[in-house]
Amino acid sequence: QVQLMESGGDLVQAGGSLTLSCVASGFSLDEYAIGWFRQAPGKEREGIGCISSDARTDYVDAVKGRFTISRDNAKNTVSLHLYSLKPEDTAVYYCASRKFQCEMIPQAALYFGNWGRGTQVTVSS
């Protein structure tokens, strides 16, 4: 079964850090880009950033400097590192895959075809 699964979501205090993982099952991530997205209650899904198969990264301006993405193909895993968390970062965080390359352009979610089920990040004041 081809599947992506997010993990690592937690309740953290404002200013804290967290690392989320996206693990692929049933296929190898070495030829895939992974994008990270989030959706807060009552708000639209928004893109965060992505990492291409060649390890190039692209982030939306809203998170540059606070969130970073890395990949470990040997572990079939892409990680999202969250720093200096704010209450407004509270959301369900999703990973998704597409072949080879990615850019966090408007409507980027449309070209990611395989999605995980999400992991909850809650940041307290």
What number of residues in the range 17-56 are surrounded by fewer than 15 Cβ atoms within 10 Å (Cβ to Cβ) and on the phi < 0 side of the Ramachandran plot?
14
Can you pull out every residue in the range 73-96 that is part of a strand (DSSP E or B) and farther than 26 Å from Val2 by Cα?
Leu82
Checked the range 61-100 for anything modelled with pLDDT under 95 and among the small types (Gly, Ala, Ser); matches are Ala62, Gly65
Within the range 97-125, can you find the residues that are part of a strand (DSSP E or B) and touching a Leu at 6+ places or on another chain (Cβ under 7 Å)?
Ser97, Asn114, Trp115, Thr119, Val121, Thr122, Val123, Ser124
If we keep only residues of the range 68-116 that are of a type in the set (S, T, N, Q) and on the phi > 0 side of the Ramachandran plot, then the residue surrounded by the most Cβ atoms within 10 Å (Cβ to Cβ) is Asn76
Sole residue being out of contact with any Gly (no Cβ under 9 Å at 6 or more places or on another chain) and under 17 Å from Asp10 (Cβ atoms), chosen from Ser70, Ser125:
Ser125
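The values are calculated or read from the model by the stated rules, or taken from the named source; none is laboratory data. Keep in mind that this is a model prediction, so the values were computed, not measured. Because the Cβ atoms are built from the backbone with ideal geometry, glycine has one as well, and the counts that use them run over all protein chains shown.
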